[in-house]
1. If you restrict to DSSP beta bridges whose two residues both lie in the range 37-272, what percentage is antiparallel, to the nearest 5?
2. Span-like helices, the chain: DSSP H, alpha-carbon axial extent 20 Å or more, mean Kyte-Doolittle -1.0 or greater, which ones?
3. Multiplying the sequence separation of GLN91 and LYS306 by 0.36 nm and subtracting their Cα-Cα distance, what value in nm do you get?
4. Using a cut-off of 29 Å between alpha-carbon atoms, which lysines can reach LYS306, once sequence neighbours fewer than 8 places away in the same chain are excluded?
5. Going through the range 219-278, which chymotrypsin sites (Phe, Trp or Tyr not before Pro) have at most 11 other Cβ atoms within 10 Å and a DSSP loop state?
6. Which ordering of ASP116, ASP24 is given by a fewest-first count of other beta-carbon atoms within 10 Å?
7. Neighbouring Cβ atoms within 10 Å as the yardstick, rank HIS34, HIS201 fewest first.
8. Can you tell me the FRET efficiency between SER6 and ALA208 if r is taken as the Cβ-Cβ distance and R0 is 35 Å, rounded to the nearest 0.05?
Amino acid sequence: MTDLDSTFVTGAFPALSGDRVFLDNAGGSQVARHVGDRLMGYLYGPNVQLGASYAASREAGARVAEGRAALATLVNATRPEEVVMGATSTQLLGQLAAALSQDWEPGDEVVVTNFDHEANIGPWAKLAAQGVVVKEWRLAPGQHRPDPETLRPLLSDRTKLVAMAHVSNIYGTINPVAEIADIVRAAGALLCVDGVAYAPHRAVDAPALGADFYVFSAYKVYGPHFAALYGRHDALLAAANINHRFFDRSKVPQKMEPGNAQYELAHACLGIIDYLEAFAQAHGINATGRPAIEAAFGIIAAHEEKLSERLLSYLRGREDVTIVGAPEADRTLRVPTISFVIAGRSSREVVEAVDPTGIGIRYGDFYSRSLVEGLDLPNGDGVIRVSAVHYNTLDEMDRLISALEAA
Ligand SMILES: Cc1ncc(COP(=O)(O)O)c(C=O)c1O
């Protein structure tokens with residue numbers, strides 16, 4: 001496997017030219033230059049309202065369509081109409097719940113987990129107010145990855161949907177979604193996957209996973225502050241319209257995009273593909289589109305495993321540290337989102353001691369409140385989370401380890 005070319009990568013991110021170390025990437029990544037270029041190209045180009053017959057409006061429409069197609073390529077959707085665009089994953093999941101639940105009856109059931117970010121719990125749990133029965137799929141204590149078999153007893157012929165994370169933003173563990181999808185499909189229910197913590201690290205293939213819905217945030221995948229919801233075409237077609245009253249269900253995906261998406265941000269998502277294609281080229285891979293994306297993420301995964309191992313081996317070696325998640329760096333099991341606590345120290349005090357070094361890490365529950373509260377941590381202020389992506393270096397990990405030692 002080709003080693004990651006850090007000179008190429010650093011050069012592709014203007015924000016990395018300084019001395020700052022970004023290790024809070026699960027909160028939001030830096031933006032590739034290609035994305036900024038696309039953004040400005042739109043704003044300084046055909047920045048007009050879509051849908052008119054004059055040339056600039058047609059061009060604007062074509063550029064927004066390119067952005068949607070790019071997001072479709074990123075999740076391997078079979079067509080661009082399978083992508084609903086929106087400001088954030090939280091908003092898109094709220095919209096999805098609002099649309100689907102219009103067809104649900106009191107007594108229908110949904111399953112949420114205790115290991116998701118609130119974005120994929122709250123919209124479903126709130127449906128209890130209209131009589132939907134909400135069941136919780138919990139990880140057993142000490143377990144970081146759900147056993148698919150433990151889902152079965154929670155499913156019934158009234159189950160409409162199961163909502164789960166592909167990767168926990170605390171544990172960093174990659175969950176066995178394809179296996180779970182088989183169980184959910186056999187029960188006649190839909191599967192809604194939160195891929196926000198996975199998409200920055202691996203090539204997403206939502207159809208291959210068997211997800212009916214799959215959401216991710218472009219602003220954590222080197223793109224603009226924007227998000228996309230993949231929906232299998234017939235699942236989207238079946239959903240109710242939440243846009244203007246005179247739209248009908250056949251208007252996919254616009255019926256799910258009230259008020260339209262931000263055009264310039266939609267177009268800028270094309271820059272994510274530009275970046276990944278340039279990445280592939282820089283690593284000797286002569287490909288475009290999906291093959292380039294898959295090859296790029298293969299190199300990224302191998303590099304990330306080295307970053308994880310550097311930090312995890314340090315954490316494993318300290319008796320006062322408890323790793324909150326899998327202690328192994330294996331790229332098939334985890335992404336480099338690494339949480340831990342230190343005996344006798346508050347997470348806040350450790351992070352604040354690291355702040356002056358110019359390294360950005362973070363503490364808290366990261367809105368995975370059900371999970372972190374269930375852990376019953378002694379310090380009361382959540383975990384310390386270090387979340388790397390491929391543009392981080394082993395040298396930065398060493399700087400962090402020194403800072404943690406000093407703290
Ligand atoms: C796993 C996970 N899901 C969902 C979200 C929410 O994403 P957004 O800010 O796009 O609503 C986050 C944000 O941190 C997240 O980490």
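Computed from the coordinates by the stated procedures, all read-outs in this text should not be read as laboratory data. Everything numeric here is computed off the predicted structure, so don't read it as measured data. Glycine gets a Cβ as well: all are built from the backbone with ideal geometry, and neighbour counts include every protein chain shown.
1. Values: 10 of 26 bridges.
That works out to approximately 40 percent antiparallel.
2. Values: long enough: 55-75 (31 Å, 0.36); 289-316 (39 Å, 0.02).
Taking the DSSP H segments of the chain (at least 20 Å long, mean hydropathy at least -1.0), we get 55-75, 289-316.
3. Going from the current span to full extension adds 74.0 nm.
4. The reachable lysines, counting only those whose Cα sits under 29 Å from LYS306, are LYS220.
5. Values: sites: TYR219, TYR222, PHE226, TYR230, PHE246, PHE247, TYR263, TYR275; in loops: TYR222, PHE226, PHE246, PHE247.
Here the sparse-neighbourhood loop sites are PHE246.
6. On the way: ASP116 26, ASP24 18.
Fewest to most other Cβ atoms nearby, the residues stand as ASP24, ASP116.
7. Fewest-to-most ranking of HIS34, HIS201: HIS34, HIS201.
8. Values: r = 30 Å, r/R0 = 0.87.
That gives a FRET efficiency of 0.70.
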